Amino acid sequence: MAVCARLCGVGPARGCRRRGAQRKGTAGDSSEPDTDPEEGGGGGCGQAAEEDDDAAEERIEGAALAESSPRGRAPLSLLDLPPELLVQIFGSLPGTDLPNLALVCSAFRRILRTDTIWRRRCKEEYGVCENLRKLEITGVSCRDVYAKLLHRYRHILGLWQPDIGPYGGLLNVVVDGLFIIGWMYLPPHDPHVDDPMRVKPLFRIHLMERKSATVECMYGHKGPHSGHIQIVKKDEFSTKCNQTDHHRMSGGRQEEFRTWLREEWGRTLEDIFHEHMQELILMKFIYTSQYDNCLTYRRIYLPPRSAIDLIKPGLFKGTYGSHGLEIVMLSFHGKKAKGTKITGDPNIPAGQQTVEIDLAHPIQLPDIENLSNFSELSRIVLEVQEQVRREQQQQEEEGGLQKEHQPQAQEEEEEEEPQPGPSRQEAGRGAEGPATEEGAMAQDSPPASCPFVLPGGIASRNEDYPRTCRACFYGTGLIAGHGFTSPERTPGVFVLFDDDRFGFIWLELQSFSLYSRIKDSFQNAGAPSQEAFDEMLKNIQLLTS
């Protein structure tokens with residue numbers, strides 16, 4: 001009633017317009033609308049009126065409002081405004097608020113049936129730039145598109161990681177015209193990391209009739225066919241194909257494998273001479289083909305960006321030897337940077353932290369003549385590794401001593417805590433020290449590039465790597481046996497080439513991985529907070545641990 005009084009203009013000599021209209025029998029439709037746009041509430045999502053023409057509705061509304069707005073008098077409430085102005089006002093409100101507005105009175109409810117309002121909400125909230133007037137031919141209104149398609153499936157928009165065992169993947173669900181499409185993003189063919197990503201549709205949703213949206217599976221080579229989507233919870237949903245016979249080929253599994261191989265690797269099995277690589281490819285085909293009829297997806301976020309980050313965080317394509325190209329997410333966490341696998345392999349599955357970079361320990365590479373010597377690079381990295389080990393041991397010992405003396409020195413520590421002590425500044429290991437150093441490093445002008453060449457004996461899938469680099473840091477890379485057995489972190493070198501490319505030298509494996517930024521634009525993928533992003537990283541890692 002408070003909302004009704006505020007909008008209808010109740011005053012000392014005026015009663016509630018809605019109650020008065022109901023007493024006189026002029027309120028029209030007295031039924032209570034549904035408040036949820038998804039279920040077709042009064043905010044333009046309920047049962048359609050017998051007359052859907054927008055112009056006719058505005059004429060009816062204008063006649064209803066003319067009596068309440070005497071000529072020459074300033075409007076005392078929203079109902080005194082012309083209906084075309086109310087259409088503009090209501091069209092500027094979020095679509096999720098309009099059902100509640102429809103509950104105020106029947107006049108508002110009739111105005112909210114105007115398709116102009118919902119056409120604007122579809123465009124501003126979901127980027128639908130199609131000519132929505134074409135929908136009139138099929139009998140589908142913009143109100144239906146908003147409520148039964150866009151609003152209903154809003155929770156699946158964004159980036160997702162499919163649950164395909166160790167292989168993972170990257171799915172981007174977007175509004176594309178009058179469709180919602182799930183695009184699977186695939187790395188370019190090995191070893192061309194600088195090539196653009198490949199995409200293929202896995203499913204699409206559209207509104208063919210006024211009753212409900214239609215879900216279609218796009219997997220296979222026989223065109224769209226019946227599918228189903230179930231939203232398990234806010235950050236998880238599943239897809240199911242209802243006609244898996246559309247995925248089969250007339251030539252049987254052999255033809256399916258050859259087609260998959262050309263799409264996945266850009267070559268035939270005869271072109272791959274390495275026997276171990278052939279085994280890995282065949283294993284991936286057999287494993288992933290089991291998921292062609294039903295898949296579960298979990299939401300992933302793009303990493304938040306900070307002013308102190310070394311480069312812009314995001315998604316990168318990287319070379320991983322016989323496993324081909326994989327997708328890695330680079331994120332920054334204070335004095336650490338992490339590379340998390342979005343796609344994976346039987347050794348290091350998706351979700352695991354493939355590399356970790358220690359930004360507090362830069363590495364000074366030898367001159368270009370000595371850099372080609374693997375032994376010299378190995379000596380430098382192992383010295384830094386020993387330094388890191390000693391510092392960690394010292395921190396653990398200091399932490400243990402502080403814990404022992406905490407009860408006795410608690411009062412003194414509380415007094416000193418507001419003012420940073422000189423020992424913390426000198427040590428440079430506290431929270432303020434590394435952040436300040438990184439901030440200064442990030443805010444300064446980019447360092448001059450230095451010559452770079454891979455040491456002899458280091459294997460690289462891509463010989464076309466940059467020959468200059470900006471900086472190098474100590475890091476560790478995760479290695480494991482088949483099935484993620486006996487995982488361990490081994491020393492390596494993180495090499496920053498430019499804003500869009502970096503590399504990692506795996507010292508123990510004597511191999512080099514080159515990473516190139518994925519430059520595609522992703523909507524609805526930003527993390528709401530750093531805490532939410534960290535929680536997401538932890539969850540996807542636990543799934544494959």
Through the Karplus equation 6.51 cos²θ - 1.76 cosθ + 1.60, θ set to phi - 60°, convert the phi angles of the range 324-339 into ³J(HN,Hα) values in whole Hz; use x for Gly and Pro. x, 8, 9, 9, 10, 9, 8, 9, 10, 9, x, 8, 10, 10, 10, x
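Can you pull out the trypsin sites (Lys or Arg not before Pro) in the range 447-509 that DSSP calls coil and that have at most 14 other Cβ atoms within 10 Å? Let's see the in-between values first.
Details: sites: 461, 467, 470, 489, 501; in loops: 461, 467, 470.
Those satisfying the criteria are 467.
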Is the C-alpha gyration tensor of the range 190-346 telling us rounded, prolate or oblate? Criteria: a/c under 1.5 is rounded; beyond that, a/b larger than b/c is prolate, otherwise oblate. oblate
Cα-based Rg of the range 465-535 normalised by 2.2 N^0.38 Å, two decimals: 1.40
Net charge contributed by nearby residues that have their C-beta within less than 13 Å of residue 534 (K/R +1, D/E -1): +1
Report, in listed order, any pair from 284/338; 284/312; 284/538 with a Cα-Cα distance greater than 28 Å. 284/312
Highest first, please rank the peptides 122-129, 220-227, 337-344 by the mean number of other Cβ atoms sitting within 10 Å of their residues. 337-344, 122-129, 220-227
Probe 1.4 Å, accessible area per residue of the range 195-252, Å²: 57
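Report the Rg/Rh value for the range 121-219, based on alpha-carbon coordinates and the Kirkwood definition of Rh.
Working: Rg = 15.8 Å, Rh = 15.0 Å.
Ratio of gyration radius to Kirkwood radius for the range 121-219: 1.06.
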In sequence order, calculated HN-Hα J values of the range 340-357 (Karplus, 6.51, -1.76, 1.60; Hz; x Gly/Pro): 9, 6, 8, 10, x, 8, x, 7, 10, x, 4, x, 7, 8, 6, 9, 9, 10
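What net charge do the residues around residue 258 carry, taking every other residue with its C-beta under 13 Å from that of residue 258, with Lys and Arg at +1 and Asp and Glu at -1? Numbers along the way, then the final one.
Working: positive: 253, 262, 267; negative: 255, 256, 263, 264, 270, 271.
Net of charged neighbours comes to -3.
Would you please classify the overall shape of the range 455-498 from the alpha carbon gyration tensor, given that a ≥ b ≥ c denote the square roots of the eigenvalues, rounded means a/c under 1.5, and beyond that prolate means a/b larger than b/c while oblate covers the rest?
Values: a/c = 2.82, a/b = 1.74, b/c = 1.62.
Verdict is prolate for the range 455-498.
What does the charge count near residue 500 come to, summing +1 for each Lys or Arg and -1 for each Asp or Glu among other residues with Cβ under 15 Å from its Cβ? Walk me through the numbers on the way to the answer.
Values: positive: 305, 312, 317, 470, 501, 517, 519; negative: 194, 195, 309, 464, 498, 499, 520.
Net local charge, residue 500 excluded: 0.
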Quick check on packing: order 354-362, 246-254 by the mean number of other C-beta atoms within 10 Å, highest mean leading. 354-362, 246-254
In Hz, Karplus ³J(HN,Hα) per residue of the range 85-100 (6.51, -1.76, 1.60; θ = phi - 60°; x = Gly, Pro): 6, 5, 4, 5, 5, 5, x, 8, 8, x, x, 6, 8, 5, x, 5
Using protein chains only and a probe of 1.4 angstrom, how many square angstrom of residue 148 are accessible, to the nearest 10? 50
Here the range 304-393 gives, from Cα atoms, an Rg and Dmax in Å of 15.5, 40
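For a quick protection proxy, order the peptides 168-180, 372-384 by their average other-Cβ count within 10 Å, most packed first. All intermediate terms of the calculation are to be shown ahead of the outcome.
Values: 168-180: 20.5, 372-384: 15.6.
Per-residue mean Cβ counts within 10 Å order the peptides as 168-180, 372-384.
The values are calculated or read from the model by the stated rules, or taken from the named source; none is laboratory data. Keep in mind it's a predicted model, so treat the numbers as computed, not measured. A quick note on method: Cβ atoms are made from the backbone with ideal geometry, for glycine too, and the neighbour counts reach across all protein chains shown. Surface accessibility is based on the protein's heavy atoms, side chains included, excluding ligands, DNA and RNA. Shrake-Rupley method; radii C 1.70, N 1.55, O 1.52, S 1.80 Å.
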